[in-house]
Protein chains: 2
Amino acid sequence: MASFFEHIRTLVTEQNSMLCVGLDTDNAKLPAHLMDQTGGIIDFNKAIIDATHDLVCCYKPQIAYYSSQGAEEALIETIQYAQGKGIPVLLDAKRGDIGNTAEQYAIELFERYGADAITVNPYMGTDTLAPYLSYKDKGIFVLCRTSNPGGADLQNLVLDSGRHVYEHVAHLAHSEWNEHGNVGLVVGATQPEELATVRKITGDMPFLVPGVGAQGGDIEALMKAAMRQNVIISSSRGVIYASDGEDFAQSARSSALETRNSINAARN
Amino acid sequence: MASFFEHIRTLVTEQNSMLCVGLDTDNAKLPAHLMDQTGGIIDFNKAIIDATHDLVCCYKPQIAYYSSQGAEEALIETIQYAQGKGIPVLLDAKRGDIGNTAEQYAIELFERYGADAITVNPYMGTDTLAPYLSYKDKGIFVLCRTSNPGGADLQNLVLDSGRHVYEHVAHLAHSEWNEHGNVGLVVGATQPEELATVRKITGDMPFLVPGVGAQGGDIEALMKAAMRQNVIISSSRGVIYASDGEDFAQSARSSALETRNSINAARN
């Protein structure tokens, strides 16, 4: 079986898409005809996947939207549905804890939910990442420089070496954590200069780039900064909530198509 | 209703205990007579709580042990059972994500599970902590200097200011995040000198100190470093797996009693 990153490379070519659609499915934002119905979340997700699976290279559900609602089964069903369409699933969970606990999170994310890739937090260091990294065929995206306003609070602190903290994380990811070639980095779309710095440090390491769409990142600037390669560009709210009417799936398709095309225009 | 930290102060006095028992209940480590039984986890936890609730100031379930098993209901039942005995529950989840996602995690932890306090990860910065901090009566423990081997990888990097990253986190917690007096810090037992540094920065801020017992931290050294005040000392495996036989609950009580007494000896 192909590893996550092999699968992504195939889809980027075959579907001509670096777009990842984020399935941050919030019960309170469902179209009126699906809201508060049993199965509303899974019906919504299936409709989004049906409408967009030929336009994406992966899906990225954010686990908090499911665990806040007790919707574990809807998350499992969503992941299996996407995989059934041939699309891998990156489960955005940003876990980080000591080794024996991380082993439990790895079981949760890779075995219970069957995720093909995950996001993790590096603050607790190398031994807390090891249990995930041992899954050689999965994709492990480590938070590096995030796109939110507070992302700078710790990540942009300057070290006595002259490096920023996020650059140090990029160095560790490149030189220590990527023995199995299964590591990627989360680098936000809203800081293209920093994204370019991380690209220089890490060569062709894959980046997960959130922050396009609702968060306002500029696609041309980020693609240039990433050397126009090895990026998965994630859009969540901008795609799945493009309309809150009965046409939500068709609107999501239009938004996904437009975003994919903008990415491709910036790619070449 | 008393806030989490008021409740803790009352129990530290009334029960004469700064001990927090960690409920990292691993299905694979249950006593043989409970293993793989439906309800094994909750039966185990109730027996541990029955045997120790007069010796502790709080319980700390680690959520990964439950979510890896699909044992969400056992976690809810455990939390309610402990609270029914008058003991608050710190749900160890170490979440960290952008604001709208953090709001969902806050719903998960405080509303779905009814936790009295949580742990959070500061790597993504101030705006990612805000949704938790707005729950004024809850306790929010921010990771500062952790007790695992890799804890130094990022936390002990030296900044151009001369401070370490973990000291910067302590400063932020003290000066920016604690407006409602509901912030604590996670500082490991295995680095007493660093714990003393964090105490100097943060005054009387409460510390959650894991790493006693299985992880090898020295109680006398950490109590001295903490100025013998405002600490919650957590022990998990050393208490709940003190025996794997049918006497597990009695053995847990003996271990909890011994740990509490060691803490009290170092307190005075």
Exercise. Among the numbered criteria (1) of a type in the set (S, T, Y); (2) more than 9 Å from chain B (Cβ to nearest Cβ); (3) in a loop (DSSP other than H, G, I, E, B), which single criterion is violated by A:Y132?
Worked result: (3)
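Could we say that B:K224 is over 26 Å from B:L109 (Cβ atoms), without any contact (Cβ under 8 Å) to a residue 24 or more places away in the chain and away from chain A (no Cβ under 14 Å) here?
No.
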Exercise. Out of curiosity, is B:D137 at the interface with chain A (Cβ under 8 Å from one of its Cβ atoms), farther than 21 Å from A:L129 by Cβ and modelled with pLDDT of 95 or more?
Worked result: no
Exercise. Looking at A:L143, A:L159, which one is farther than 18 Å from A:V231 by Cα and either touching a residue at least 40 places away in the same chain (Cβ under 8 Å) or over 17 Å from the mean Cα position of the chain (by Cα) (or both)?
Worked result: A:L159
Exercise. For segment A:153-173, which residues satisfy the criterion of being within 11 Å of another protein chain (Cβ to nearest Cβ), among the hydrophobic types (A, V, I, L, M, F, W, C) and either crowded, with 19+ Cβ neighbours inside 10 Å or in a loop (DSSP other than H, G, I, E, B) (or both)?
Worked result: A:L154, A:L157, A:V165, A:V169, A:L172
Problem set entry | Qualifying positions in segment A:172-194 - closer than 18 Å to A:S234 by Cα and either of a type in the set (D, E, K, R) or at pLDDT below 95 (or both) | A:G188, A:A189, A:T190, A:Q191, A:P192, A:E194
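Every residue, every condition in (1) of a type in the set (F, W, Y); (2) in contact with a Phe, Trp or Tyr (Cβ under 6 Å, 6 or more places away or on another chain), yes or no:
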{"residue": "B:Y65", "(1), (2)": "yes, no"}
{"residue": "B:S68", "(1), (2)": "no, no"}
{"residue": "B:Q80", "(1), (2)": "no, no"}
{"residue": "B:G99", "(1), (2)": "no, no"}
{"residue": "B:A102", "(1), (2)": "no, no"}
{"residue": "B:D116", "(1), (2)": "no, yes"}
Seminar exercise, completed: Condition set farther than 17 Å from B:D24 by Cα and polar (S, T, N, Q), scope segment B:84-123, selection farthest from the other protein chains (Cβ to nearest Cβ): answer is B:N100
For this session: Please work out which residue is farthest from A:V231 (Cα to Cα), limiting yourself to segment A:174-211 and to residues that are within 13 Å of chain B (Cβ to nearest Cβ) and touching a residue at least 60 places away in the same chain (Cβ under 8 Å).
Result: A:G211
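The values are calculated or read from the model by the stated rules, or taken from the named source; none is laboratory data. On a predicted model such as this, the values are computed, not experimentally measured, just so you know. Neighbour counts are summed over all protein chains in view; Cβ atoms, including those assigned to glycine, are modelled from backbone coordinates with ideal geometry.
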